[in-house]
Every structure is written in structure tokens, then in C-alpha cells.
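The values are calculated or read from the model by the stated rules, or taken from the named source; none is laboratory data. Since we're looking at a predicted model, the values are computed, not measured. Here Cβ is always computed from backbone atoms with ideal geometry, including for glycine, and neighbour counts include all displayed protein chains. Remember, those area values only see protein heavy atoms, side chains included, never the ligands or the DNA or RNA. Shrake-Rupley method; radii C 1.70, N 1.55, O 1.52, S 1.80 Å.
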Amino acid sequence: FFLMIRRPPRSTQSRSSAASDVYKRQIQIKSIKGEEKKELVEHLLPQHITDQILMNPSAKVELTEEYKDCTLLFADIAGFTKYSSSVPPEQVVKMLSNLFTEFDKKCVSLNVYKVYTIGDCYVVLGFLNANKRNPGLEAKNVVNMGFAMIDIIQEVREIIQFQELHMRIGIHTGNIIGGVIGTDIVRYDIYGQDVLIANKMESNGLEDYIQVSESTKNLLEKTY
């Protein structure tokens, strides 16, 4: 069992005006101080992992744990291959940079964690700190992240004048193994059967819809 949900359509005028604001923003390189540095570090790794590393900065400890009732989002840009073959590479990179920058901002505002991006695939985990969890709220935040991604791709689409770009999103709740890979150069990654299910929810989904698994649906209905 799974559930397809779609964001209600917005007016073309509101999409175009918002699109102009979103797409014209340029990434600014500036010095990072105080709270800005703290915020950056907090989103490089989940907070509970950062805390363990800071407690033992010289120790190379294994940071791997199992987490239950985790909500995951896999998102892919449908039409990306066609778009990337029709414009110069520099334009593709600029589009992805602007798009993913807006996605990153939504991760921060919705308190979800960006696990990684691979090409045009974007993966999100529902919590930032395993020591401060609320599975129901995490699921709600991840679904709202999905809605936000659909809104953002619509805005970008209007600016670049390529109407065949769409988001295809899958969400699933289950159990995962999460941990840090590497020593000097680290990366947080997630594994398990439920990670594969979340991926399949995306790959078998529809454009501009969020495909939600039964476990996520049940968790949301139980909580809200």
C-alpha cells in the first residue's frame, strides 16, 4: 500500500514572481563567524555525531547506530537528462546550484537533515539529533519538505523556461543504520532495507507527486 499526494496548484503569477527572487539569488562567499559557523557545522553532520566527535577529538571512534521509525525522503529531477543535454554545462551547474541552495535552506527551516546529493538526486533524513527525536513531527517535516521541493522546482522552471523539469519524490518510514564513513574526511551515510524502500518509492512515483508509504501514512495519522 502507498499513497500519492500532490501540492494544490498555485497561480502562475505567484510562481513567476517568487521564481524571479529564488533564481536570481547568487551564492555569496563570505567569512563565517560566531553563530553562522555554529549553524554550518550543525548541518554538516547530525548533532549527536558532532557532539561525540567534539568530546573525543583525537579518538577515531566508530560512530554507527541503529535508529527506528526514521522518515526518509528521496527526490529526483524528472527531465534532468533532457535539460542537461540541451544547454551548456555551465548552465546546468548554475541551475543545480540555485535549486539545491533553496532545498538546503528548507532543510534548515524545517529541521531535517540533508544526507547527500548524487547528481540530481537529493536525500533527506527526518532528524538532526538522535537524542532529541519526535518521529511523528519528523514525518510531518519531511512531507512538508517534499511539498517545498515541488514549489521550488516550479519556480525555477519558470525562470529557465524549461517546462519539462519536475520533482519525483518518495517518502518512507522505517529502521536504518546510520553512521560516519571515513576518518580524516568524513561523511554521514544511511543503510538498510528501509533505505532501499524509500528509494523505490521515489523511482516508482509520479512527477510532481509525493509517494508516501503505508508506514509513513500510519505514523502521520496516529500523530495528527
Under 19 Å from the Gln91 label point (7 Å along Cα→beta-carbon), backbone N, the stretch 111-153 | 120, 153
In nanometres, what is the gap between the two model label sites at Tyr116 and Gln161, each 7 Å from Cα along Cα-to-Cβ?
-> 3.8
Built amide H within the under 5 Å cut-off of Leu63, gap 5+ = Val180
What does the accessible area of Phe74 come to, in Å² to the nearest 10, when a probe of 1.4 Å is used?
-> 10
Debye, to nearest 20: dipole size of the stretch 97-169, +1 on Lys, Arg Cβ, -1 on Asp, Glu Cβ | 420
Rank-order 88-99, 147-158 by packing density, defined as the average count of other C-beta atoms within 10 Å over each peptide's residues, highest first.
-> 147-158, 88-99
Using +1 at the Cβ of each Lys and Arg and -1 at the Cβ of each Asp and Glu in the stretch 66-224, identify which of Phe147, Met95, Val108 lies farthest towards the dipole's positive end.
-> Val108
Which percent of Cα-Cα pairs in the stretch 57-215 sits in each 10 Å bin, short to long?
-> 10, 39, 32, 15, 3, 0
Cα pair count fraction exceeding 13 Å, expressed as % - the stretch 130-191 | 74
